[in-house]
Structures are given as structure tokens and as C-alpha cells.
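The values are calculated or read from the model by the stated rules, or taken from the named source; none is laboratory data. Just so it is clear, the model here is predicted, and its values are computed rather than measured. With ideal geometry, Cβ positions are generated from the backbone for all residues, glycine too; neighbour counts draw on all protein chains shown. Accessible surface is based on the protein model in full, side chains and every heavy atom, while ligands, DNA and RNA are left aside. Shrake-Rupley method; radii C 1.70, N 1.55, O 1.52, S 1.80 Å.
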Amino acid sequence: MALLEIRDLHLSFGGLQALAGVDFEVNENEIVSVIGPNGAGKTSLFNAITGLYRPDQGDIVFGGHSLMGLEPSEITRAGIARTFQNVRLFPNMTVLENVMVAQHCRTHSGPFRAVLRTPSMRREEAHIEAVAKEILAFFGSRLVGYRFDQPAHSLSYANRRRLEMARAMATQPRLILLDEPVAGMNPNETGELARLIHRLRDHLGLTVVVVEHDMGVVREVSDRVVVLDHGIRIAEGTFEEVAATDEVIEAYLGQPATPT
Amino acid sequence: MTLTTREARKTLRWSVIAGLVMVFTSAVGMMESFDDRLIIYPVLSLGYLMLFWIVPLAGFQATHLPRLEGIEPPGKGLSNVLIGALTGLGAGVILAVFVVVADRFDLREVFVSISPRLVRLLTFEDTLPGGLLATVLIPTLLGTAGGAFHLLRDNLGRRLVLALEWVLVVAILEGVVAQILRQIRLDALGERIYTQRALEWFAAVALFLAILPIPASRTGTNQVERIRQRLFSIDPAQRIRNSVVSAVVILVFLILLPQLLGSLLSEVLANVGLFLIMGLGLNIVVGLAGMLDLGYVAFFAVGAYTVAVLTSSLSPRFAPELSWWLALPVALLVSALSGVMIGTPVIRMRGDYLAIVTLGFGEIIRILFLSDWLSPIFGGAQGILDIPGIPLGVTRVSGISPESILYFAFAFVLIAAWVSWSLQHSRIGRAWNALREDETVAAAMGVNTVRAKLDAFIVGAILAGGAGALFAAKLGSVFPSSFELLVSIIILVVVIVGGMGNIVGVAVGAVVLIGILGGPNVPGLMAEFAEFKLLIYGALLIFMMLRRPEGLIPARARYRELHADEADQDAWLDKSIHPIQSRPSSSETTAEPDC
Amino acid sequence: MDSLLWGVRLIAILVLIWGVAGTIVQGLNGAGPSAEAWRDLVVAGIAQGAMYGLIALGYSMVYGVLGFINFAHGEVFMAGAMSGFFVANYLWQVHFWDNYFVLAILLVLLTSVLTSMLVAVIVERVAYRPLRASPRLVPLITSIGISFFIQYSFAGLFGVAVKNYPPAPDSLRNRIGFLGLEIEGTKLAVIVVALISMGLLYLFVEKTRTGRSIRAVAEDKEIAALMGINVDRTIVASFAVGGVMAGVAGTLWSLLFRGVAFHTGFLPGIKAFTAAVLGGIGNLPGAMVGGLFLGTFEGVGSQLVLAGLGIPAVSQLKDVVAFTALVLVLIFRPTGLFGERLSSEDRA
């Protein structure tokens, strides 16, 4: 059975139909790219999956359970993490705190234990910190050492993107949704990030869904590509397959491809 | 020597500001009612201080240029003095015009405070044409002094200000200083340096000269951060030893303090303690979780009334006459429940709607306590009297002996501070931080925002309920009038002036505001301010929001935002920690408060 | 959580029905207030509500353009009423008030309107303009400070005593027939003047150039600026217009209740804000209707619902009724009865 199933998903804002019946599946341990022209509904899809938007119709099933009607925090707890298109960190918290806070739903100490500083609470705190450091080390030397205690807003753009991924990883997800992870990065960093996406799956066993405009990255990372346009799925398959589909070319170029 | 247009405009602007502040101070009645209190015998009364303080400041500001990186500051010279003098002159002229108008026309029909006595004070008891000269001349001199301040070397200037501040503090806080001198058997000295509650002029001069040689370093946040750095740079074992030593020192100090202060000051300090507990509670709600609660007093009222009903023999309907110790946990529980009840519906609202709705709840609760409908239970406007104090062994601790109440206040404050600190540095504290910065993302990262906010509301409610329980025992009676909206607002001012999100900041805010100016129904050290307390609170709130929204002692995160990250990096790379280099103080950088 | 809210909703409705039923039973037994008393309650409520509506317009306009609650707006209203008092008192002393009442009241109105407008504009310039870019709670907190500052400045400048306006001439105070009802003249005048002012404001916002700018700025400040609208001036204009309405309300208030003191502005201010939210903030006709509704509801509702529950001295609980209305509206229908009109960034 697929890890994530999207069934006939509809979402509209006033008169604007953002998603008009999207269907697709993501299997365990797969890397799926969602592509499509601007306004195709890719980010709306992410927001619907993570509970920020309430779909009008359809169903989202994750690991056999429907996510409909769950709060965003419950969906995260169920095992879906995400990054945001326009990098949304907690800018005045430190790098380490950003990652520590993301373990919220995997830890338990409430106010009572915090005030009493019980041994279990202290153990948990130590554990949270150790896990956070370990996750940050996944990105090499960029986010470790003195950077632990720096406020997130002081990081470079690329590091902020990395930190956002680290934060998503800290929620201990089974599925991670990356919204344009390489936007605004230089070719070097882009290549590194593509390798990182592979490592997410190969080393951590995560399932990954990527929304991306950079076709180089899409080609490199995807097992499968889903193409959206005007809120519906117009093609699905390997990168080469979808790239050859007429509808896809039409969606991107805006005119029917003339057969030669 | 001519002034540029820019300088002229600035001079004009500041002289008008200073002039209008002086006219306002006079017309609103501050000048006259504060004149009764001398602070430096026989030359300076509090009235004149409140009147003229703005002038040297305006003279200074009129020629002050912000230091810009990479631009050579223009030379300082006589022009500074001239501009200062002109500013003072302008302000003086405005005041003089006011005096003439006040003298010619009887405005008392409309402006109740503009009396012949005010005119006499403003002309220094002289007849009008001659006296006006002084009205103009004194501001001119003060403005000149303000302008001339730029000519002093930085260090000397700072020392002068520090010495002046100390003299004023010692003079204004006559009550405290004299009391302490009395307690340490130095009555003779106290009687010698104070006359009619004012510092003798020679004592003032002596003090000034004594403090002047002390090297003054940059005060303010830099200092705080440097101390912090030093504390954290020493090795852990030493740190524990230090903290044990300092804990013992603080404890001994706290035990001795009430005895040293005597009952009058203990009373003031106990009030500070009560407001500090509430300030710490509100700080969790506003400063950490980012919800502006304007009905915070409701929980204070609930705590106080619960204790009153449970312990007083005069409780109208239900009077189990429990011991305070049994009533306290009930009060905390009831407060927590009311926190849930008020919190649950409001938590999902937009920030500003939340503020108004909590205000509404606060008023509803007060009016209900006041109403005839519930007076069979809560006594209506007559309140509940005869609340026994806190039984302790064979004695009873109550407001009659402020010293003993003060010990309880200390204990409660320490507990509240511990609760705030430990929550702030825990999983839930991080969650509050996150949802204050970006609620959507916090939710997407697995923080149950509704739950986290409700937790903040409940913890805040419990702290306020505890303060209420103590308040009831201290006062021995509760009335609805003790729980007006004003209380919520004043706690908010304490938190904001001190520094949102910071425990030390809230403590400083409570000591300075409640201790000196006084709370809503309680006098501070300067009982003279009573009438104008709320005016000053309002002005402070506006000023802080415009100029220093991060508060006197900002939270560490906020401070870090404003200061060098590079220094940190370099320090780490060098594998040696230098104290952070001083940077322009944070007040010059505009801070973005995170609420 | 949601079930809890449903519970609250259910309880509110049950209390409402129970109370009304109780009152009706009382009425049938001849125990409750007479029909005349009910009529007077309704008329008084509408008159009160008309003033809430006028003040609410100021909240709504400022919320529309700047997106924050101008907590000090109640004080703008109080300043108008207070300044009007001094003029009225002078005119009374020189016997101008009784002889040329209409002219006198126009002078008072003019003073009151100008003062309120001036206070509103000064407050904007000194306190709010520097905070344009701050997070929205910062100007809100500032406005609380301003509210206190103005209140206690007025207390210091003009004394703390309640100032009583000279009484309106008898001809106005008598009951007059209107649409088959006998209504106290003052109240009728208050209602009529409030409705006219509201109509004029509506025309101003809909038809004039400045009004168009205000609507544009309320929609989107940046785009409005790009379209060549002077945003600063437009914001000042909306504060000024809000001030004018508050000034009119100040004069009407004084005609009706006569007493003015430094704290007069506070409660009407909060309630007017409630009215603005009730009608949907940013929505001008909504503010007026919200005001009328709230005024009537707090006057009649306390009698209708609470008395039926057997609660004594219900008039003490008038404010509780108003605040409860506020709480319930914000919990269940935060966009108001008629929908809010806010710029996109404020809706978030």
C-alpha cells in the first residue's frame, strides 16, 4: 500500500479553484517530484496535506489513516514534515533552538515537570539537544559549533534553507515535503542539495516529495514526476516520460506542440 | 557664527518641545503640587525639577548628531553652546508667555490648576516684570549647560551625569536612606544631611564630589551583557561554587532586609512583590507566548476572593473558615480553572481582538463581584472583611506587620521567578518562543499551538491567583474596587518598561514603577506622585513604545539581535572567549519587538 | 475544543431563551415593566446606540486603514464633549443658551468637532506615525498609553469633578409625537442628528476624492501609494473624519446625559469598539448598525433576558451584557454581522 494517497482533492478560495481533483500516490521510500507552471496548485497541495488549508472535497490518506480534519500539529506528529517556499525559520531563536523546538511533538515534558526539573525532564532535554546536534551534523560543518548559538536570521540564505530542512528532519517524519528547496541557490549548492535529498532517503529511510522548478534537480532526484496544471494532474511517470508528454509541453509553453 | 537652516530648525523644534512640556507640567498641576516637596534644601523642590528637567535635555538634543559610521563627526565648539542657549531661551520665552497669560486672565474657570500661586512659583516669587526675567533666564542657562555638555570629554560627561543621578536619587529617596541610616544606628548622620525631607545643599555637593572621581562605564544593556558573558565564561565547577555563594548571600540579604527597612518601607516592598509576581505571570502570557491579556486582573481577583470566601468568618453565604494554607491550593486551582475558562474561547483570536476580549472578561468579573445579584455570596461593594492572616506556628502573619508579609512576598516572588525561568528554558518555553515568532510554522513543526497558549494562560492565571491569595491575607479584606482594569494596565506597563520576556527586566520594572511611583491603590516611595501616577504611567508607555520597545532590560534574544554576531564567531574560531566588544548602545538601533 | 465552543453556544442560546421566556411570563402576570417603560427602554437604547455607532465609525476607519485598535478613540470623544462643555457653560452664563438655543448648540457642536478632530490628528502624528512599520500590538499598546495620558491630563488640566452641561430648553425635553409614538425630544434629536452625520460620512467616503483615497489605502497601502495617493495625508484624513464623528457624538452625549468627566470616554469607547466589531470592522454602515444594535441590546437585553432569570438590579449588569455580547461575537462571528472590510495583509 502507498504511504501517501491523495484522492480527488478539491480546494478553492472564493471563486478561485486551486485544486480541482488531484489524485496521486507516493510509495514508501520513493522520491516524487511535483512540477507544474506557476499557479498550478503545488504549494496549495502541500498546504492541504499539512493541514494549513482545509480541502473542500476529497481525501488524503497517510499510512492507512485519513488526515482530513486533523490539526497541523497532529499531521506533523503523524509523520509528515515540510519546508516552506519562502524559508520560514524562527528568526530570533538560535540555530539549535530551531531544531530543538521541532522535536516538540516527539517529547512529552509539560509545564509541571519543567518547573520541578524532574530527572525525566532533564534526561529528555539532554536527549533533545543531542538529537538536534546530530541532525545539524548531517549538513557537514556548516551548522555546527559556534553556529549552534547564533540566531537563525544571521545565517546565509543557503544555510537558512539547510536549517529549515534540519528542522523538518527533527520532527522525525516518515515523509518530508520540500517546497522548492534549491530556489535561489547557486549551481554548487544546488548540486549539493540534490545529493542531500538522495541521502535523506538512502541514509535516513525517508520518503520525499519535492516541488521544484529546477528541471536539472528534478531529473536528478526523482523516481517519479507528477505534473500539475490548473489544479489537476496532467501527467505522471519518470522524468523522461513526462517531459515527452504533449500536455506537459503545452502547459509549460502554452501552445500545442506541432508534430514534425 | 551663523546657524545653518537645519540647525535652526532643530533648535526651534527642541525649544518648542521643551517650552510646551514646561507649560504642560505647569498647567496640569504637577509643578504646584510637587513644589511642597523640597529635594535639595533650600534650593530645589521637586516641582522645579519636574518643570525644568526637559530644558538641559533639549539643549543637549538640539545639537546632538547621531554618530554615523565612516563619517567624520563635525567639530564641536561654541556653536553647540550657542544652540543650547537658544533652545533654552526659546523654551523660556514660551514659558514666559504662558506666565503672562496666566497672570492677565483668570483661567481658573477652565484650567483648574492655573492659580496665582503657580504664577508666583514660575516667577520665583518676584513681581511680574522682574520675575519674568528669571523665568526666561533660568531655562536659557540650563539649555546652555545642556549644549555645553557636548564639549566635555565623553568620560567626564558620563561621570558628571552619574554623580548628578546619585545626588538626585539620594535626595528623592530620603525616606529609604534615612530609614536605613536609622536602622544601622547612624541617626545623627541622617538628621544632619536631611532637613524637611530634603538633602542639605552641602551634603549634596559633598556627595557629588565624592562620586565624581568614580570612573563611569557605559551603563545599560552592554553592562548587563558583559556581566553575563563573564559569568558564563568561568568553568562550571567555579560557577556552581559562585552560585552557591551568591545564593547564600542573597538569602541572608533577604532575611535581613525587612528588619533593615522597617514597616513603612517593607509595606512598599511587599506591594512591589505582589506586582512583581503578577508581572512575572503576565510576562509569560505577553512576553513569552505573545498574547496581550488586558484582563489579567481577573485571575488576581479570583485568587483573592477564593481565599476571602474560604477563610473569612464574615463571608456572607459560605464560610468554612479554613486556614489560609488550605485555602491557598484551592485558590490556585480555581484560578487555573478560570484560566482555562477564559483562555479556551479567546486563544484562537487575532492578537488585538484577544486584547479586547480579555479586557471584557476582566470587567465582567469585576462587575459581577460588585453586583447586587452576587452580593449574597461575595458581599457586593462592601466586599468581604475580616480575613484572618496566615497562621504560622503560634503567630499570624498579616498586613499589620508588613515585615512578616514581606517574607511571604519574597518567597512567592522566588517561586514565581523560578517557575518563569524553568518554563522559559524548557520544551514549553521553546514552543512559546516559536509560536510567538511564527504561529503557522510552529504548528507545522508539530507544536500544538492551542495547547501551548492555553498552558501559558493557565500558568499566568495561577501566578496571579497566588498573588491574590497573598493580597487577601495582607489586606485582611477584599473589595471589587481593588480589581479595576487599571491593575491590568499597570502590570502591563511594569512588564513593558522592564523588558518583555525577561525576568530581571520585570523585576526592575516593578521596583522602579511600583516602588517609586506606586501601584493603582497603593502608594510608592514618592507619595507625592499619587495624583499624577497614571498620567506618568501613560506617558511612560507611549515613550517606551516609541523609543525603546524592548524595555529597559531587554530579553537576551532581543539583545543578541541587536549586537555583533561576528564577535561571537571570531571568539569561537580563536578558541578563546573575549567579552563582546561594545557597540553603539541598543537604544540607537531600532529594535523590532516580537509581539 | 470545538465541542466546547458548541457547548458555550448552546448554553448562551438556552440562557437567552430561558430569560426571555421568564420575562414574558412575568409580563403576563403583570409583574414586569409596563409597555410604556419598554418603549422608553427601546428609545433610550437606540439613542445610546446611535452615539456608539458614531464613535464606532472612528474605530472602523482607523482599523480599516492601519489595522489596529485605536484604544484612545474613546478619549477623542471625551475631549470633544469636554471642550463643548466650556463653550456651553459660557453661553449659559451670558444667557445666550436659553435665548438662541439652536445657535448655541451649533457653536458647541463646532467646538466639540474641532477639538476631537484636532486631538485625533495630533495623536496620529505624534504617536502612531512613527510606528507604522511595527508589529500590530505595538501601536495597540501605545494607544492604551495615550488613552491614559489623555484621561489624566484632562483630569489635571480641567479638574476631576463631573461637569454638568446646562439643561436643554423645555421644548426639546418634552415628549413629542413621532410616527405615532411619544418620544422624548432630546432622544429623537440625538437619533436624527446621528443618522444625518452617518449619511454625510457615507457620502463623503463613497463620493469624494479623499473618500476614495481612504478606501484605496484601506484596501492596500502600497498599491495606493504606487497609484499616486498620498498615504500619510489619507491616514490623517481618516483620523480627522473619525474625530469629527466622535465630536458629534460628544455633543449629543452631553445633550442627553449632561455630565462629562475625564473618564467619560472610556466605557463608550470600549462599547463603540464592540459595535464596530459587531458590524464587521472596516465596514462603515455595519458600524452604525452595530452601534444601534448594541445600544438597544444592552438597554433592553439586560431587562429582557436577565430580569427573566430572576436576577435583581439588572441595570447594574448593563455593562456585563455589552461585554458578553462582545465576547460572544468575537468567539462565534469575528468577522461581524455584515462582514469585515480589511486589506489583505490584515486579514491574515
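What base-10 log of the normalised intensity I(q)/I(0) is obtained for the range A:89-171 from the Debye formula, alpha carbons as equal point scatterers, at q = 0.20 Å⁻¹?
Cα-only, vacuum Debye calculation for the range A:89-171: -0.83.
Enumerate the amide H contacts of C:R175 below 5 Å, restricted to partners 5 or more residues apart or on another chain; note that Pro and chain-start residues carry no placed amide H.
The list, which skips near neighbours in sequence, is C:G185.
Over the alpha carbons of chain C, what is the largest minus smallest coordinate on each principal axis, giving the biggest first in Å?
67, 65, 39
First compute the accessible area of chain B with a 1.4 Å probe, then give the percent of it belonging to carbon and sulfur atoms.
With neighbouring chains kept in place, the figure for chain B is 66 percent.
Along its three principal axes, how long is chain A when you only count alpha carbons? Whole Å, largest extent first please.
72, 41, 34
Mind jotting down the distance between the C-alpha centroids of the range B:353-431 and the range B:433-477, whole Å?
Between the Cα centre of the range B:433-477 and that of the range B:353-431, the gap is 15 Å.
Any idea what the relative contact order of chain A is, in percent, if you count C-alpha pairs under 8 Å spaced at least 6 apart? Display every interim value, and only then the final one.
On the way: 464 pairs, mean separation 69.3, N = 260.
Value for chain A: 27 percent.
Determine the dipole magnitude for chain A: charges of +1 sit on the beta-carbon of Lys and Arg, -1 on that of Asp and Glu, nothing else is charged, the reference point is the Cα centre, and the result goes in debye to the nearest 20.
Computed charge dipole of chain A: roughly 1440 debye.
How much area per residue is accessible in the protein assembly as shown when the probe is 1.4 Å and only protein heavy atoms are counted (Å²)?
43 Å²
Say the dipole of the range C:34-347 comes from +1 at the beta carbon of Lys and Arg and -1 at that of Asp and Glu; which of C:G53, C:P135, C:N164 then lies farthest toward its positive end?
C:P135
May I ask you to evaluate 6.51 cos²θ - 1.76 cosθ + 1.60, the Karplus curve with θ = phi - 60°, for each residue of the range C:102-114 and list the ³J(HN,Hα) values in order in whole Hz, giving x for glycine and proline?
4, 4, 4, 5, 5, 4, 4, 4, 4, 4, 4, 5, 5
Which value, in debye to the nearest 20, gives the size of the charge dipole of chain B about its Cα centre, when Lys and Arg are +1 and Asp and Glu are -1 at the Cβ?
Dipole of chain B, to the nearest 20 debye: 780 debye.
Got a sec? What order do B:V512, B:V297 fall in by accessible area at 1.4 Å, biggest, i.e. largest, first?
Result of the area sort, largest leading: B:V512, B:V297.
Could you work out, for chain B, what percent of all Cα-Cα pairs fall into each 20 Å distance bin, beginning at 0 Å and stopping at the bin that holds the largest distance?
That works out to 17, 47, 32, 4, 0, in percent per bin.
How big is the range C:89-150 by Rg and Dmax over its Cα atoms, in Å?
Taking only Cα atoms of the range C:89-150, I get Rg and Dmax of 17.8, 53 Å.
What do you reckon, how do A:L3, B:L546 stack up by accessible area (1.4 Å probe), largest on top?
Result of the area sort, largest leading: B:L546, A:L3.
Report the accessible surface area buried between chains B and C, summing both sides, using a 1.4 Å probe on protein heavy atoms only, in Å² rounded to the nearest 100.
Summed over both sides, the interface buries about 4700 Å².
Sequence neighbours fewer than 8 away in the same chain don't count; with that in mind, list the lysines whose C-alpha is under 23 Å from C:K271.
C:K163, C:K187, C:K318
Considering all projection directions equally, how large on average is the shadow of the alpha-carbon convex hull of the range B:357-439, in square nanometres? It would help to have the intermediate numbers written out before the result.
On the way: hull surface 37.5 nm².
Mean shadow area of the hull around the Cα atoms is 9.4 nm².
Helix-derived [θ] at 222 nm for chain B: sum -39500 (n - 2.57) over DSSP H runs of at least 4, divide by residue count, nearest 500?
My calculation for chain B gives -21500 deg cm²/dmol from helical runs alone.
Near the amide H of A:A18, under 5 Å away, which other amide H atoms are found, from residues 5 or more places off or on another chain, if H is placed in the peptide plane?
The list, which skips near neighbours in sequence, is A:L11, A:S12, A:F13.
May I ask for the accessible area buried between chains B and A, both sides summed, probe 1.4 Å, to the nearest 100 Å²?
3300 Å²
Step through the residues of the range C:225-233 one at a time and calculate ³J(HN,Hα) from phi using the Karplus curve (6.51 cos²θ - 1.76 cosθ + 1.60, θ = phi - 60°), rounding each to whole Hz and writing x for Gly and Pro.
4, 5, 7, x, 8, 6, 5, 4, 5
I'd like the mean, over residues of C:157-164, of how many other protein chain beta carbons sit within 10 Å of each residue's own Cβ.
Details: counts 9, 6, 6, 2, 1, 0, 0, 0.
That average works out to 3.
Give the peptides C:223-230, C:307-314, A:90-97, B:52-59 in descending order of average Cβ contacts within 10 Å, highest first.
B:52-59, A:90-97, C:307-314, C:223-230
Could you compute how much accessible surface A:E247 exposes when probed at 1.4 Å, giving the result in Å² to the nearest 10?
Per-residue accessible area (A:E247): approximately 90 Å².
Quick one: which bits of the range B:109-134 get at least 20 Å² less accessible when the partner protein chains are in, versus the chain alone, with a 1.4 Å probe?
Hits at the 20 Å² cut-off: B:E109, B:V110, B:F111, B:V112.
Distances over 44 Å make up what percent of all Cα-Cα pairs in the protein assembly as shown?
Result for the distance tail: 47 percent.
Taking loop as defined by DSSP and a crowding limit of 15 other beta carbons within 10 Å, which GluC sites (Glu not before Pro) in the range C:243-348 fit?
Filter output for the range C:243-348: empty list.
Under the rule of at least 5 residues apart or a separate chain, name every residue whose amide H is placed under 5 Å from the amide H of A:I35.
Amide H to amide H, under 5 Å and 5 or more residues apart or across chains, A:I35 pairs with A:V226, A:V227, A:L228.
Give me the mean projected area, in nm² to one decimal, of the convex hull enclosing the Cα positions of the range A:155-260. Walk me through the numbers on the way to the answer.
Working: hull surface 32.0 nm².
Averaged projected hull area, Cα only: 8.0 nm².
Ignoring ligands, DNA and RNA, please state the percent of accessible area on the range C:116-169 from carbon and sulfur, probe 1.4 Å. Let's see the in-between values first.
Details: 1330 of 1810 Å².
Exposed carbon and sulfur together represent 73 percent of the surface.
Is there a simple number for the mean count of other chain Cβ atoms within 10 Å of the Cβ of residues in C:281-292, and what is it?
Neighbouring Cβ atoms belonging to other protein chains average 0 per residue here.
Take the Cα pairs of the range B:1-155, get the Kirkwood Rh, then feed it into Stokes-Einstein at 37 °C and 0.692 mPa s and tell me D in µm²/s.
After rounding, the answer is 203 µm²/s.
By per-residue mean of other Cβ atoms within 10 Å, what is the highest-first order of B:472-481, B:195-204? Mind dumping the intermediate values first?
On the way: B:472-481: 21.7, B:195-204: 17.6.
Final packing ranking: B:472-481, B:195-204.
Once you average over the residues of C:307-318, how many Cβ atoms of partner chains fall within 10 Å of each Cβ?
The shielding value for this peptide is 3.
Measure off, as a whole percent, the carbon and sulfur share of the 1.4 Å-probe accessible area of the range A:89-171, all protein chains present. The partial results should precede the final answer.
On the way: 1720 of 3060 Å².
Carbon with sulfur: 56 percent of the solvent-accessible area.
Can you list the residues of the range B:312-348 that have at least 40 square angstrom less accessible area with all protein chains present than in their chain by itself, probe 1.4 Å?
Residues passing the criterion (a loss of at least 40 Å², heavy atoms only) are B:T344, B:P345, B:R348.
Show me, for the range B:441-455, the HN-Hα J-couplings you get by feeding each phi into the Karplus relation (A = 6.51, B = -1.76, C = 1.60, θ = phi - 60°), rounded to Hz, glycine and proline as x.
5, 4, 5, 5, 8, x, 7, 7, 5, 4, 5, 5, 5, 5, 4
Percent of Cα-Cα pairs more than 22 Å apart in the range C:1-123, please.
In whole percent, the long-distance tail amounts to 63.
Taking the alpha-carbon centroid of each part, what is the distance from the range B:172-200 to the range C:198-269 in angstrom?
Distance between centres, Cα-based: 56 Å.
Could you sort B:253-260, B:151-158, C:84-91 so that the peptide with the highest average Cβ count within 10 Å comes first and the rest follow in order?
C:84-91, B:253-260, B:151-158
If you put +1 on each Lys and Arg Cβ and -1 on each Asp and Glu Cβ, how big is the dipole of the protein assembly as shown around its Cα centre, in Debye rounded to 20?
Taking the Cα centre of the protein assembly as shown as origin, the dipole is about 2140 debye.
Could you list the residues of the range C:252-270 with an amide nitrogen less than 14 Å from a label point located 7 Å from the Cα of C:N164 in the Cα-to-C-beta direction?
Residues passing the 14 Å test: C:257-261.
Using a 1.4 angstrom probe on the protein heavy atoms only, line up A:E212, A:E74 by accessible area, largest first. Intermediate values should be presented prior to the final figure.
Values: A:E212 5, A:E74 85 Å².
Putting A:E212, A:E74 in descending order of accessible area: A:E74, A:E212.
Hey, what's the per residue convex hull volume over the C-alpha atoms of the range B:300-359, in cubic angstrom?
Details: hull volume 5.0 nm³, N = 60.
It is 84 Å³ per residue.
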